[in-house]
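**Q** Here it is: the structure, laid out below.
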């Protein structure tokens, strides 16, 4: 996680700058930077808040942009059910995209023993802490320094590069590469969809097609 | 309470609208609900194994769906030019990753190499 923290930091910085230049009051922007902890839903909600959209529209938009986390939560369930509910909700709040990706990459299956589970939770906590700190501190900095960092520098691209590195590290099989290509194609073709639904559609199409292809290519291996 | 208000006033942070603050708090709740969605309930339930298998394709698809439009689209339209610094930044970063894959610094190197290709092209040539 420390390896990607500079990318998260630059990305948080640029999100902070974008929020600060949106016309919202400084205190509101700071509250959002510290509390919401979901960059894409923040950036999607800001124009709606500015336009005086009804509360339910803003919340529905935030929910849709966050739908990918619902998919992640189904995956994480097996890793977390040994915790009491309040702790699970805490974990849920802090586990954003990169923490989820790195955690499931490092631990492909949920811990079977107490020691394994403690090990996994320790990794999750450390990873999420670094992610939260670098994101939150830098987006607050971005809000404060907004007047001095022109968006034209393109520092936000560092966040894209951080995600690119993670993307490459996940490309460990041909089927996964196919999943990435399908996801990118659908997301680009569906870009005009509202509420960032193109991302969700891309995930759904990739997962379904890859699973269909998998069962078509190796039906006997799966029945075994 | 008065001390807090005086402090906020001194920093110019007394301008929040209650309605907007409520919106922000509810957005934080949305963050918790979506990220915890399938492990809020205590009811015994495990993901079917076919779904477990399918899940391995979700993260890479999600990342590709977020990253590639950021590199290949401008204002919601697919780019029509090769004079775009993002293409070369991302290619250089990816190439570095596969050259150095396995080393602990591969992702950090992806960022550093990618930015050192991107910034000169972007600021120098206005790509």
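The values are calculated or read from the model by the stated rules, or taken from the named source; none is laboratory data. None of the values given here were measured: they were computed from a predicted structure. Reconstructed Cβ throughout: ideal geometry from the backbone, glycine too, with neighbour counts over all protein chains shown.
**Q** Is it true that residue B:47 is surrounded by fewer than 18 Cβ atoms within 10 Å (Cβ to Cβ) and modelled with pLDDT of 90 or more?
**A** Taking the combined requirement at face value, the residue does not satisfy it.
**Q** Return yes when residue B:76 is over 26 Å from residue A:211 (Cα atoms) and out of contact with any strand residue (DSSP E or B) (no Cβ under 9 Å at 6 or more places or on another chain) and no when it is not.
**A** On the way: over 26 Å from residue A:211 (Cα atoms): yes; out of contact with any strand residue (DSSP E or B) (no Cβ under 9 Å at 6 or more places or on another chain): yes.
So residue B:76 fits the description; yes.
**Q** Name the residues in the range A:150-167 that are under 14 Å from the mean Cα position of the chain (by Cα) and more than 7 Å from every other protein chain (Cβ to nearest Cβ), would you?
**A** A:159
**Q** Tell me, which helices (runs of 4 or more DSSP H) wholly within the range B:24-127 include 1 or more residues that are more than 8 Å from chain A (Cβ to nearest Cβ)?
**A** Output list reads B:49-55, B:85-100, B:106-119.
**Q** Is it true that residue B:13 is in contact with a helix residue (DSSP H, G or I) (Cβ under 7 Å, 6 or more places away or on another chain), at pLDDT below 85 and assigned by TED's automatic domain parsing to the domain that holds residue B:94?
**A** Values: in contact with a helix residue (DSSP H, G or I) (Cβ under 7 Å, 6 or more places away or on another chain): yes; at pLDDT below 85: yes; assigned by TED's automatic domain parsing to the domain that holds residue B:94: no.
For residue B:13, the condition - in contact with a helix residue (DSSP H, G or I) (Cβ under 7 Å, 6 or more places away or on another chain), at pLDDT below 85 and assigned by TED's automatic domain parsing to the domain that holds residue B:94 - is not met.
**Q** Also: Return the residue satisfying two criteria in turn: it lies in the range A:168-180 and is part of a helix (DSSP H, G or I) and more than 18 Å from residue B:93 (Cβ to Cβ), and of such residues it is farthest from the chain's Cα centre (by Cα). Walk me through it before giving the result.
**A** Step one: of the range A:168-180, the residues part of a helix (DSSP H, G or I) are A:168-170, A:174-180.
Checking which are more than 18 Å from residue B:93 (Cβ to Cβ) leaves us with A:174-176, A:178-179.
Values: A:174: 23, A:175: 22, A:176: 18, A:178: 21, A:179: 17 Å.
Looking at the filtered set, the residue picked out is A:174.
**Q** Return the residue satisfying two criteria in turn: it lies in the range A:39-58 and is within 27 Å of residue A:134 (Cβ to Cβ) and at the interface with chain B (Cβ under 7 Å from one of its Cβ atoms), and of such residues it is farthest from the chain's Cα centre (by Cα).
**A** Only one residue tops the list, namely A:49.
Let's see how each residue does on (1) at pLDDT 80 or above; (2) assigned to a loop (DSSP other than H, G, I, E, B); (3) surrounded by 20 or more Cβ atoms within 10 Å (Cβ to Cβ):
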residue: A:7; (1), (2), (3): no, no, yes
residue: A:11; (1), (2), (3): no, no, yes
residue: A:16; (1), (2), (3): yes, no, yes
residue: A:27; (1), (2), (3): yes, no, no
residue: A:32; (1), (2), (3): yes, no, yes
residue: A:37; (1), (2), (3): yes, yes, yes
residue: A:40; (1), (2), (3): no, no, no
residue: A:43; (1), (2), (3): no, no, no
